[in-house]
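Peer 1: Would you mind keeping the following structure in view while I ask a few things?
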Amino acid sequence: MTRKSSGDIRSKLALLQLAKELGSISRACDIMGYSRDSYYRFKRQYEKAGEQGLKNLSRKKPAMKNRVSPEVESQVIDIALDYPNYGQARAAELLTARGCTISPSGVRAIWVRHNLETKKNRLLALQNALDQRKELDSDARRKAEALDELKQDQMGGECRYPGEVCVQDTFKLGEIGGLGMLYQHSFIDAYSQYAHAWISTSNDSAAASDFLLNRVAPWYRQHSLPITNLLTDKGAEFFGGKSVPYQEAIAELGCNHIHMRAYNGPVVNGLGARFHTLIWNELYEPLFKAQRYEELVPLQQKLDEWLARYNQQFAVAGRYTLGKTPSETLAVSRHLIPNT
């Protein structure tokens, strides 16, 4: 919660409290500079959802992944893969000649969204796209042969298959209703961006370990997916003297634990932070504004429903997903996993 949002809530609470102490809504509104209509609206919001109900919903429009039509977005991605040496101006000229009118800045905006803004990234995306195709036609084989000539260090620091790099993080939700301080434990596959999440009243190592062992690992085993490298930050639940339960969980799974700041990772590049921003804007902010929660179970149900939509229906931008859903990306790349 921003400092401005916190101040807005305090002033609204102060209005409600002052009206109660003075026994006069009109006098309290005059002193605090609010209208009576505002007072009654704040009162209804507070009675329905507690302090979270007094938080102003952001008026900033969410940045939609597809600012242009999906058809145009698809053509811009195809150009990036067909002609990775072309810059944005030349790509825009070619698209316009094909009847798809778009500016160079429009091309770049889409490329940035899918991490295709540099020649190297476009070549890497082409390699990933070819790897996801089990059978290559003659044109695809020609491209694959050309890519084989790239130096190995140009291809370093990349995910090669689902489960090779996964990210676990703890997201502080704040004081929620009658539940107190809540946290979301999140686990995201860096290749497909398939996500798992669980709400808890604790952010300690035991809770992080329980989430990993009892909620994430069984799903990965059921779907024959590995957890090869697990990336976390250096929070106390993951790193240091208080992280013993989590370290024991890592040892039980036999995966490699990389503890660093997620936003500094060469592959994930803020994957956890972007996921948490998305889920807060699309799920939690309107949910907490509309209703006060006194039990965890219905809140977790709402989270599970949102995750199902995200994993099955969200068109995710990225060099590996390229506008596919997380589930679709898993399906087309499963053959890349070693020994599968």
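Where a number appears in this text, it was derived from the coordinates with a stated rule and is not lab data. Quick caveat: nothing in here was measured; it's all calculated off a predicted structure. Ideal geometry is used to build each Cβ from the backbone, glycine not excepted, and the neighbour counts take in all protein chains shown.
Peer 1: Run the numbers for VAL68 and ARG215: contour at 0.36 nm per residue of separation, minus the present Cα-Cα distance, in nm.
Peer 2: 49.2 nm is the gain from fully extending VAL68 to ARG215.
Peer 1: Between GLN17 and ALA308, what's the calculated FRET efficiency when r is the beta-carbon distance and R0 is 51 Å? Round to 0.05. Don't jump to the answer; show the numbers that get you there.
Peer 2: On the way: r = 41 Å, r/R0 = 0.81.
So the FRET efficiency works out to roughly 0.80.
Peer 1: Between ALA315 and ARG36, what FRET efficiency comes out of the Förster formula 1/(1 + (r/R0)^6) with R0 = 51 Å and r the beta carbon distance, rounded to 0.05? Write down the numbers at each step before the final one.
Peer 2: Details: r = 46 Å, r/R0 = 0.90.
E(calc), rounded to 0.05, equals 0.65.
Peer 1: At 4 °C and 1.567 mPa s, grab the translational diffusion coefficient of region 3-54 from Stokes-Einstein with a Kirkwood Rh over Cα pairs, rounded to a whole number in µm² per second.
Peer 2: 119 µm²/s
Peer 1: Follow-up question, since we're still on this one. So how much slack lies between HIS259 and ASN281, counting 0.36 nm per residue of separation and subtracting their Cα-Cα distance, in nm?
Peer 2: 5.2 nm
Peer 1: Using 0.36 nm per residue of separation minus the Cα-Cα distance, give me the extension gain between ALA273 and SER202 in nm, one decimal.
Peer 2: Taking ALA273 through SER202 to full extension adds about 23.6 nm, to one decimal.
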